[in-house]
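Reading through the C-alpha cells given below for one structure.
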C-alpha cells in the first residue's frame, strides 16, 4: 500500500532530476561548468519527489543548493554532468539542484534538513532515503568546489558512507 502511494506521488510530481542545463564544457579552466539552477522551479516539490524516488530505489538524495551566478556552483554541477560523475551519481543518488539566489531563496529547504542558513554556495546536502542529513559537518564546505581536484570530488561522493 505504501509503495503504491509513493509510486502515485512520483507520477503526480513528475519532475526532472535536475533542470535542463547548458552542456558542461571546459571553460579554459580546470573544470567544466553548467547552469542547472532554476529559480522558477518548485524546489520543495523537486526535493519531495527525489526523496520518494530514493525510498523506492534505496538511494541517497544529493541536494545541491547553489546559483548560476556562482563560479563554484557551476563548477560542481559541471563535474556532475561529465560521464564519470553522471554514471556514479545515477547509480547512488537522486540529484536535485536548488537555486538559492543570493542566499535569499529556498532557505526553508536547507532548514528542513537542519542547516539554518546558507553561508556559501554551493551547500551540498547528502540525505538518506528517509530524509536524514548525513553530512552535516561537510555540507557547507563546498564553497571552493571549482578549485578542488576532480578525483577528490569524485571520491567524496563515491565513497561517502553515513556515520553509524
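Be a star and scan region 126-149 for residues whose amide nitrogen sits under 12 Å from the point 7 Å along the Cα-to-Cβ vector of residue 84.
Residues 149 fall inside that zone.
Largest first, please: the extent of the C-alpha atoms of region 89-164 along each principal axis, to the nearest Å.
Cα extents, longest axis first: 31, 31, 22 Å.
Work out how far the C-alpha atoms of region 40-124 reach from end to end along every principal axis, then list the three figures in whole Å, largest first.
Result for region 40-124: principal-axis Cα extents of 32, 26, 22 Å.
For residue 104 and residue 138, what is the calculated FRET efficiency with R₀ set at 22 Å and r taken between the beta-carbons, to the nearest 0.05?
For residue 104 and residue 138, the calculated efficiency is 0.40.
State, to one decimal in nm, how far the label point of residue 111 lies from the label point of residue 69, with both points 7 Å from Cα in the Cβ direction.
2.1
With a 10 Å Cβ neighbour count serving as the proxy for reagent exposure, in which order, fewest first, do 126, 115 appear?
115, 126
Using the 10 angstrom Cβ neighbour count as an exposure proxy, how do 155, 81, 94 rank, fewest first?
Least to most surrounded, the residues fall as 155, 81, 94.
Computed from the coordinates by the stated procedures, all read-outs in this text should not be read as laboratory data. What you are looking at is a predicted structure, and each value in this text was computed from that prediction instead of being measured. Virtual Cβ from ideal backbone geometry, glycine too; neighbours counted across all protein chains shown.
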